[in-house]
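The values are calculated or read from the model by the stated rules, or taken from the named source; none is laboratory data. Small disclaimer: the values here were computed from a predicted structure and weren't measured. A quick note on method: Cβ atoms are made from the backbone with ideal geometry, for glycine too, and the neighbour counts reach across all protein chains shown. Just the protein is used for accessible areas: all its heavy atoms, side chains included, with ligands, DNA and RNA removed. Shrake-Rupley method; radii C 1.70, N 1.55, O 1.52, S 1.80 Å.
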Amino acid sequence: MSVENAPVVDVDEAAIPVEKKMYYRFESNDKKEFRVSELAIQQSETLNRLVEAMGYTSEDVENKPAIAIENIDGKTLKLVFQWCEHHKGEAIPVDDGSVPKIVEIPEFDAKLMDIDNGLLFKLIWAADYLNIVQLLNVSCKKVANMAQGKTPAQLRRVYLLPSDEEDEAAKRAAQEAQDPRAREVEEEFEERKRQGGNSFF
Amino acid sequence: MDSDEPGLPIDKLRAVELERVFKHLDLIDIFELSFTSKSIRGSLKEANYIIKSLKVLYQSNMPTIEIQCAKSRFIWTFGYPHDLPMKYAGEYKIGRYTYKCQKSEYGFHTDHYDVEEGFLGVIIHLISIFNFKNTVITELSIDLSVIEDIRTICNHFKKFKKVERLSIHQSFPNEIAATNFNQNFNWIMSNLKIDEIYLGVDGVENVIVQKNGKFVIREVPKRYDEVLNINHICLNYSEWFSSKDLLSLGVKTAILQNSPLTDEDLNSFIKTWLTSNSSKLNWLEVQVSGRYLNENIITKDLSLLPDTHSLMNTCCSCPFRKFDSPTPIPFIFPNNLKQITRSTDSTTATISITHDTFFFHIRDDGPITPPNPTLPPRQLNENDANRRLEERFRLAFRGRRLFQIAVDDEDNVNFF
């Protein structure tokens, strides 16, 4: 897809400061293009290093192809860049190692993350991939909040966790898929047990 | 979460993301999560959730385990604290036991009779999900009425970084437990790194003495010399503590109860302190048994002045003035306080003498910090009485077996 034909997604451009003229162009894996301010990019350690290493001028940014982000789709990337634009210029928090983390989810972030769990999962994945510390913090906090006051049975439902038995069954199925002979041996063993033999040999 | 909405599969998150989610959870939620699956337990362990302190109270009325990290704490009690709002949380299988638990804002509460193995099971479970590598045991309190084989219990804790306070006491007599304790005291002191100790039990030992040209065996109070090497000691029975020990005292805090020390011994102590330049001792408290102290003898030949410390303070705040409970008890000043200053370094000590207690205070070693909100006391009921009785029977059968196991293989349980 050419640059001219790429759909450009608006990312709160009114908030872009006058003094920062540079907008980088990024392309998601489903070919959606985004223009993001240089200051917003600083929230992502990965992207910040990337654009520094590229050393683009204003002309390069306009003339060269958009920077491709292969692992993230347009819907997720839009949320990521909206978040970065809103929080541009803010200090990146440093982990003091204490637990549990005390993180407040700001109103803007809460609205941004008012999305289905599938998209939230992708957002966490993207925040980690692009190394956006505070976005990862708030999105993980949102997931952690789902656990508050829940029993193990409720947690299994909320987090789609298989029980130990289901885990074992899945593991067995995977092993058997690899080695059909294993299933035959097990069936033979079960049959002998039914017939009253206590020794396999 | 909307009940129709599919959940979020956290086990599909990458390790870093999963760790980040776990570190937003408090200890109670993590504990709940650990019962969802083995695989999550493994992930929790890998997340390195650091536990700062552990408190283990093997007590007869409400055995308790408490862990703390920077901003959260978790309590497990064997017994239900009275007046604490709680609701039924379900069954939790830990080790070979399944506990029916009540849940409160502090943690989990269950009734269970086998305190020794129950405790061990819960601690092992906690160790399987949290990082205890640099955890300090702030309080290890052992009631010998509940724990007959103290060495086996202490063996579980020897790999912890430090035991800030070890408290040994006895809510009702148990001769086997006391004998085990006395036989293993040296082992305990050399295997646990202890900063503060409370000994609420006494012991006797047999020594051979010569009398009228004959050798006879005599029972004397057992000496617990190892305590003289640690910083803070509180001895409920200090019959063994001699005037020689007092004059060479090398601890920061010494609280000696039921002491045989004489008024002359205390006078000699003050005179020795006046000529020394050691700055280690902060606090000495000697309570004698069966007699009144004679202030005239204790202060003989000393230049005492009216005390000024008490003008601004109504009590002394020694954080180590603790007895069989982990809560420090401030010393309320009596009326007739005196002070004395030594010429070697101009250090001033406050002296007070009540009818049976001699109190020598050089400096406060920090304020008494407000204690954490404590669990309401547990009211004993008929079940408790039955529980104690069953515990007695269990100990009778098991005590000797456990002791033999410990002797055969002292490293039989390894937490790490």
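Residues being open to solvent by 10 Å² or more (accessible area, probe 1.4 Å), more than 17 Å from A:K150 (Cβ to Cβ) and of a type in the set (D, E, K, R): count how many of those fall in the range B:10-62.
Going through the range B:10-62 one residue at a time, the tally reaches 10.
If we keep just the residues of the range B:276-305 that are in a loop (DSSP other than H, G, I, E, B) and in contact with a helix residue (DSSP H, G or I) (Cβ under 8 Å, 6 or more places away or on another chain), which is surrounded by the fewest Cβ atoms within 10 Å (Cβ to Cβ)? Show your work before the answer.
Within the range B:276-305, the first condition is being in a loop (DSSP other than H, G, I, E, B), and the residues that meet it are B:276-282, B:289-294, B:299-304.
When the remaining residues are screened for being in contact with a helix residue (DSSP H, G or I) (Cβ under 8 Å, 6 or more places away or on another chain), the result is B:281, B:293-294, B:299-302.
On the way: B:L281: 21, B:L293: 20, B:N294: 15, B:T299: 18, B:K300: 13, B:D301: 7, B:L302: 13.
The qualifying residue surrounded by the fewest Cβ atoms within 10 Å (Cβ to Cβ) is B:D301.
Please work out which one of (1) open to solvent by 10 Å² or more (accessible area, probe 1.4 Å); (2) at the interface with chain B (Cβ under 7 Å from one of its Cβ atoms) is the condition A:N131 fails and give its number.
(2)
If I go through the range A:138-165 residue by residue, how many of them are polar (S, T, N, Q) and either under 14 Å from B:D11 (Cα atoms) or within 7 Å of chain B (Cβ to nearest Cβ) (or both)? Outline the logic, then answer.
Pass one, the range A:138-165, residues polar (S, T, N, Q): A:139, A:145, A:148, A:151, A:154, A:163.
Okay, now just the ones that are also either under 14 Å from B:D11 (Cα atoms) or within 7 Å of chain B (Cβ to nearest Cβ) (or both), so A:148, A:151, A:163.
The qualifying residues number 3.
Is it the case that B:I127 is surrounded by 22 or more Cβ atoms within 10 Å (Cβ to Cβ), on the phi < 0 side of the Ramachandran plot and of a type outside the set (D, E, K, R)? Steps first, please.
On the way: surrounded by 22 or more Cβ atoms within 10 Å (Cβ to Cβ): no; on the phi < 0 side of the Ramachandran plot: yes; of a type outside the set (D, E, K, R): yes.
Here the answer is no, as B:I127 does not meet what is asked.
A:Y129 passes all but one of (1) within 15 Å of B:L8 (Cβ to Cβ); (2) touching a residue at least 40 places away in the same chain (Cβ under 8 Å); which number fails?
(1)
Of all residues in the range B:326-362 being aromatic (F, W, Y) and not in a loop (DSSP other than H, G, I, E, B), which is nearest to B:L293 (Cα to Cα)?
If we filter the range B:326-362 for residues that are aromatic (F, W, Y), which is where we start, we get B:331, B:333, B:358-360.
Filter once more, so that each one left must be not in a loop (DSSP other than H, G, I, E, B): B:331, B:358-360.
Details: B:F331: 18, B:F358: 8, B:F359: 11, B:F360: 14 Å.
Checked the range B:326-362; the qualifying residue nearest to B:L293 (Cα to Cα) is B:F358.
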